[in-house]
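K.L.:
If you scroll down you'll find the structure; I have some questions about it.
The values are calculated or read from the model by the stated rules, or taken from the named source; none is laboratory data. What you are looking at is a predicted structure, and each value in this text was computed from that prediction instead of being measured. Positions of Cβ are generated from backbone atoms using ideal geometry, with glycine treated the same way; all protein chains shown enter the neighbour counts. Calculation scope for accessible area: heavy atoms of the full protein, side chains included, ligands and nucleic acids excluded. Shrake-Rupley method; radii C 1.70, N 1.55, O 1.52, S 1.80 Å.
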Amino acid sequence: MKAISLIKHSKGALGLRFFGLGPNFRPTNGLNKLQKLLDKNAFWTKNRTIHDLKKCLANSDVIVSVWVGREIVGFGRALTDGVYRGVLWDIVIDQNHQGNGYGSLIVKNLLSSKKIKNTKKLYLMTTNKKLFYSQFDFKEVISQDLLIREI
């Protein structure tokens, strides 16, 4: 059985962005593997370029990944002002590894991170995982509308 590793990346995930580091700070082509994980497992993360992923990671406050051996099987990130508002983004688990608790592991680590844990309101968007997120006290809000501006 391959070892499972949880990586709590530093702000901006320098090792992942510039060196493709995975478990034990070893080069694993991690950024390309992240791109494939996202492209294969979530419709909203399809076709992200390496260039854009680097910018996305550089501007993220909290980044967590789960690896089985040298393969990335889960990912999540968050942005926050550290006081009033924060948003969880891109929580993705490889379809072949769902049901193993990796999603819960990622969400728990995002929520307990130093930057997020005392933030007064946390937001997230989901298409079909409301029940999953309800175990972390996320509630559906019907009193607000989601507005989107796309470029």
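K.L.:
Go through Trp67, Trp44, Trp89 and list them by solvent-accessible area, largest first, probe radius 1.4 Å.
P.N.:
Final ranking, largest accessible area leading: Trp44, Trp89, Trp67.
K.L.:
If you roll a 1.4 angstrom probe over the protein chains with everything in place, what fraction of the accessible area of region 4-135 belongs to carbon and sulfur, to the nearest %?
P.N.:
53 percent
K.L.:
Sort out for me the Cα centre separation of region 1-51 from region 127-151, rounded to whole Å.
P.N.:
25 Å
K.L.:
If the limit is 22 Å between Cα atoms, which of Lys11/Lys33; Lys40/Lys108; Lys117/Lys139; Lys11/Lys108; Lys2/Lys33; Lys8/Lys54 go over it?
P.N.:
Lys40/Lys108
K.L.:
Something else now. Cα to Cα, under 19 Å, and not fewer than 8 places away if on the same chain: which aspartates and glutamates meet these conditions relative to Lys129?
P.N.:
In chain and number order, the partners are Asp39, Asp90, Asp94, Asp137, Glu140, Asp145.
K.L.:
Is it possible to state the helix-based mean residue ellipticity at 222 nm for the chain, with each DSSP H run of 4+ residues giving -39500 (n - 2.57), the sum divided by total residues, to the nearest 500 deg cm²/dmol? What is it?
P.N.:
When only DSSP H runs of four or more count, the value is -8000 deg cm²/dmol.
K.L.:
If you don't mind, another one. Spin-label point model (7 Å from Cα, Cβ direction): what's the Leu147 to Lys11 distance in nm?
P.N.:
So the label points at Leu147 and Lys11 sit 2.9 nm apart.
K.L.:
Also: Students sometimes get this wrong: rank Arg149, Arg17 by accessible area, probe 1.4 Å, all chains present, largest first.
P.N.:
Greatest to least solvent exposure: Arg149, Arg17.
K.L.:
Take the Cβ-Cβ distance between His51 and Lys129 as r, set R0 to 41 Å, and report the resulting FRET efficiency rounded to the nearest 0.05.
P.N.:
After rounding to 0.05, the efficiency reads 0.90.
K.L.:
Scan (i) 31.7, 101; (ii) 16.7, 58; (iii) 15.1, 47 for the value of Rg and Dmax of the Cα atoms in Å calculated from this model and give just the label.
P.N.:
(iii)
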